[in-house]
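These notes concern the structure reproduced below.
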Amino acid sequence: MVAVNKNYSEVAFKLYPKKNDKVIQYGTAGFRANAEDLDHIVFRMGFLAVLRSKKKNSSFIGLMITASHNPEEDNGVKLIDPYGEMLDQSWEAIATKLANADDSSLDSIINEIAVNENINVELPASVYIGEDTRPSSKRLAKAAYDGVIESGGSCTDYGIITTPMLHYLVKSRNTDEEYGKCSSNGYLEKLSNAFKTIRKDVYSHKNYLSELYFDGANGVGSIIMKEFLPFLGNTISVKIYNDKHNEVGQLNHNCGADFVKVQQKAPEGIPHVPNARCVSVDGDADRIVYYFTDENGTFHLLDGDRIATLIAGYLMELIKDTGLNFNLGLVQTAYANGSSTNYISNSLKIPVACVPTGVKHLHHKATEFDIGVYFEANGHGTVIFSDRVKEIIKKESTNTSLDAKKLAAVKYLRALIDLINETVGDAISDMLLVETVLHAKGWNIQDWKATYYDLPNRQLKVTVKDRNVVKTKDAERYCVSPPGVQDAIDKTVKKYANGRSFIRPSGTEDVVRVYAEASTQEDADKLAAEVVDIVRCLAGGI
Ligand code: 16G
Ligand code: MG
């Protein structure tokens, strides 16, 4: 066993001493907290990224500074594994231990990690850093950089980029050239080339008009979208709003995907053009929702469930056209609208699975299919293709004995694979994919909306003494503890037509979340309010 030959405790104490004793947990999206509490944690994640790189035989590891849709004063950090996946779950507890340790125990903890994980500490290590536009992000990125350098790794800070771009950069650095060039421009080129291959010069088609209103959440999404426009040429017209990423207090403020999804209303800062197709991305541009406001001023949301059904339905048609035999499946969470699940199962006849909230769960499940489409209702999702599918598609796309229709479908599918960022949900890639499908179908946003009708729903949150008292099973649809809660929810739900409700502890905030849906908005609101009362009474509400 190798001993770690560095004085981590001393250097941490000197440069980024632990400021407080608040316990922090590596949750669904890494560590998130008020930015003021994060310097020493991010510095230590620099250490961890170096260890992870060594564990992975010197592969490049990603470290992203972002708190996504959280308020601007928060921030966060998460690690990205070599193939662009999220940090392996088995290392989450290691990250948590390292983050909460006293400065003086860092040496022994790091030594313990190296020994337990059988890490060859002599190996070189490399880390890529990216950050969002938060005022605290530069400072925290520097802390992470220092952590990497102090523990002997080499580090490149890519500056302000979207989370999915960092996933792309890490993957492209660790895989072959064919995947794409390892640079920000390489990412933009890859996506835009695939999009242009499919769209050619056709601007509009039947009801589809190539005009889009883009809400950048006053964050990195607006910056990247602007950089992206020249790459897209004349294929699509994107009007960018909420691009005040330099103004303090504006990030995610009354705009962005989370605001639109949770508030179920249009963001501020974007003109209300009746029936115009609008998109909102979140603070690090890994989530997207569509919406429009009709001529009567009524707001219509097309969230992750809609995007998933649109994409899955289209891929199924395309697979049929190729004549190939692939199994396609869709993965959702308990938040998926009941109508979307019915539509997928009964109309599209695509197998659908339900897993706990958090991208890693969806992603993992999606790998069980040849082609797995996964989306959370909040707009986070993508499509993953098995290696077997990719090989077959690549081979068949040069198979001259295929008839013209099959060959065209295979080539089309090949371009779609390039358009999709398989590593993680990617607002910009997802947007181009949706635009591709709508264009192919010749649909406007009302046509898309008309595929099924969402059940009205409501999401609320309850502050409790300890959110961890709430335990669930069956992909969070059943509350096993505290006792009595599920019975009380069941009784309440029965009172409402098409009623459904569940609770779960948040992974990113100190609250319990409540979801309810029913036939009418009034009922969904009432059901949600009653379930909030149940949580307050039986789960230690404060
Ligand atoms: C994080 C997750 C997202 C999940 C959300 C739930 C990732 C990259 N992001 O943002 O998937 O929907 O947390 O938040 O995993 P909650 O636990 O506070 O409801
Ligand atoms: Mg995000």
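The values are calculated or read from the model by the stated rules, or taken from the named source; none is laboratory data. Given the structure is predicted, the values throughout are model-derived calculations rather than measurements. Here the Cβ is made from the backbone with ideal geometry for all residues, glycine too, and neighbour counts use every protein chain on show. Only protein heavy atoms, including side chains, enter the accessible area calculation; ligands, DNA and RNA are left aside. Shrake-Rupley method; radii C 1.70, N 1.55, O 1.52, S 1.80 Å.
Considering only residues of the stretch 379-407 that are open to solvent by less than 60 Å² (accessible area, probe 1.4 Å) and among the aliphatic types (A, V, I, L, M), which is farthest from ligand 2 (Cβ to nearest atom)? It comes out as LEU402.
Within the bounds of the stretch 13-26, is there any residue that is within 16 Å of ligand 2 (Cβ to nearest atom), open to solvent by 50 Å² or more (accessible area, probe 1.4 Å) and outside any helix (DSSP H, G or I)? Explain how you work it out, then say what you get.
Taking the stretch 13-26 first, the residues within 16 Å of ligand 2 (Cβ to nearest atom) are none.
No, because not a single residue in the stretch 13-26 is within 16 Å of ligand 2 (Cβ to nearest atom), open to solvent by 50 Å² or more (accessible area, probe 1.4 Å) and outside any helix (DSSP H, G or I).
Output the residues belonging to the stretch 278-300 that are within 21 Å of TYR453 (Cβ to Cβ) and either free of Cβ contacts under 8 Å to residues at least 60 places away in the same chain or touching a Pro at 6+ places or on another chain (Cβ under 9 Å) (or both). The answer is CYS278, TYR291, PHE292, THR293, ASP294, GLU295, ASN296, GLY297, THR298, PHE299. Kindly indicate whether any position in the stretch 365-378 is without any contact (Cβ under 8 Å) to a residue 40 or more places away in the chain, open to solvent by less than 40 Å² (accessible area, probe 1.4 Å) and away from ligand 2 (no atom under 16 Å from the Cβ). Yes, the stretch 365-378 contains a residue that is without any contact (Cβ under 8 Å) to a residue 40 or more places away in the chain, open to solvent by less than 40 Å² (accessible area, probe 1.4 Å) and away from ligand 2 (no atom under 16 Å from the Cβ).
Being within 23 Å of VAL23 (Cβ to Cβ), in contact (Cβ under 8 Å) with a residue 40 or more places away in the chain and either assigned by TED's automatic domain parsing to the domain that holds ASP258 or of a type in the set (A, V, I, L, M, F, W, C) (or both) is the requirement here; does VAL485 meet it? Spelling it out, it is not the case that VAL485 is within 23 Å of VAL23 (Cβ to Cβ), in contact (Cβ under 8 Å) with a residue 40 or more places away in the chain and either assigned by TED's automatic domain parsing to the domain that holds ASP258 or of a type in the set (A, V, I, L, M, F, W, C) (or both).
Residue pairs whose Cβ atoms lie under 7 Å apart, sitting 6 or more positions apart in sequence or on different chains, and linking a residue in the stretch 461-475 that is within 15 Å of GLY507 (Cβ to Cβ) to a partner that is assigned to a helix (DSSP H, G or I) and among the β-branched types (Val, Ile, Thr), are VAL464/VAL535. If the condition is being within 16 Å of the chain's Cα centre (by Cα) and crowded, with 23+ Cβ neighbours inside 10 Å, then the stretch 337-356 contributes no residue at all. Within the stretch 79-91, the set of residues being out of contact with any strand residue (DSSP E or B) (no Cβ under 8 Å at 6 or more places or on another chain) and closer than 14 Å to GLY27 by Cα comprises ASP88, GLN89, SER90. For the stretch 508-539, taking the residues that are open to solvent by less than 20 Å² (accessible area, probe 1.4 Å) and at pLDDT below 95, the one that is nearest to GLN264 (Cα to Cα) is identified as VAL511.
The rows are residues; the columns are (1) among the aromatic types (Phe, Trp, Tyr); (2) away from ligand 2 (no atom under 16 Å from the Cβ); (3) more than 30 Å from GLY283 (Cα to Cα); (4) open to solvent by less than 20 Å² (accessible area, probe 1.4 Å).
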{"residue": "SER58", "(1), (2), (3), (4)": "no, yes, yes, no"}
{"residue": "ASN70", "(1), (2), (3), (4)": "no, no, no, yes"}
{"residue": "GLY76", "(1), (2), (3), (4)": "no, no, no, yes"}
{"residue": "ASP81", "(1), (2), (3), (4)": "no, yes, no, yes"}
{"residue": "ALA95", "(1), (2), (3), (4)": "no, yes, no, yes"}
{"residue": "SER105", "(1), (2), (3), (4)": "no, yes, yes, no"}
{"residue": "ILE110", "(1), (2), (3), (4)": "no, yes, yes, yes"}
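Mind listing just one residue for me: the one in the stretch 31-56 that is among the small types (Gly, Ala, Ser) and modelled with pLDDT of 95 or more and, of those, farthest from ligand 2 (Cβ to nearest atom)?
The first filter runs over the stretch 31-56 and keeps only residues among the small types (Gly, Ala, Ser), leaving 33, 35, 46, 49, 53.
Now narrow it down to the ones that are modelled with pLDDT of 95 or more: 35, 46, 49, 53.
Details: ALA35: 16, GLY46: 22, ALA49: 20, SER53: 24 Å.
Across the stretch 31-56, the extreme among qualifying residues is SER53.
Report yes if some residue within the stretch 498-507 is surrounded by 15 or more Cβ atoms within 10 Å (Cβ to Cβ), in contact (Cβ under 8 Å) with a residue 40 or more places away in the chain and within 16 Å of ligand 2 (Cβ to nearest atom); otherwise report no. Checked against the condition, which is being surrounded by 15 or more Cβ atoms within 10 Å (Cβ to Cβ), in contact (Cβ under 8 Å) with a residue 40 or more places away in the chain and within 16 Å of ligand 2 (Cβ to nearest atom), the stretch 498-507 yields at least one hit. From the residues in the stretch 146-170 that are more than 14 Å from PHE60 (Cβ to Cβ) and assigned to a loop (DSSP other than H, G, I, E, B), which one is nearest to ligand 1 (Cβ to nearest atom)? It comes out as THR162. The set of residues from the stretch 124-151 being farther than 17 Å from ILE41 by Cα and open to solvent by 50 Å² or more (accessible area, probe 1.4 Å) comprises PRO124, PRO135.
For the stretch 264-306, the strands (runs of 3 or more DSSP E) that sit wholly inside it and include 2 or more residues that are within 16 Å of ligand 1 (Cβ to nearest atom) and open to solvent by less than 10 Å² (accessible area, probe 1.4 Å) are 278-281, 288-293.
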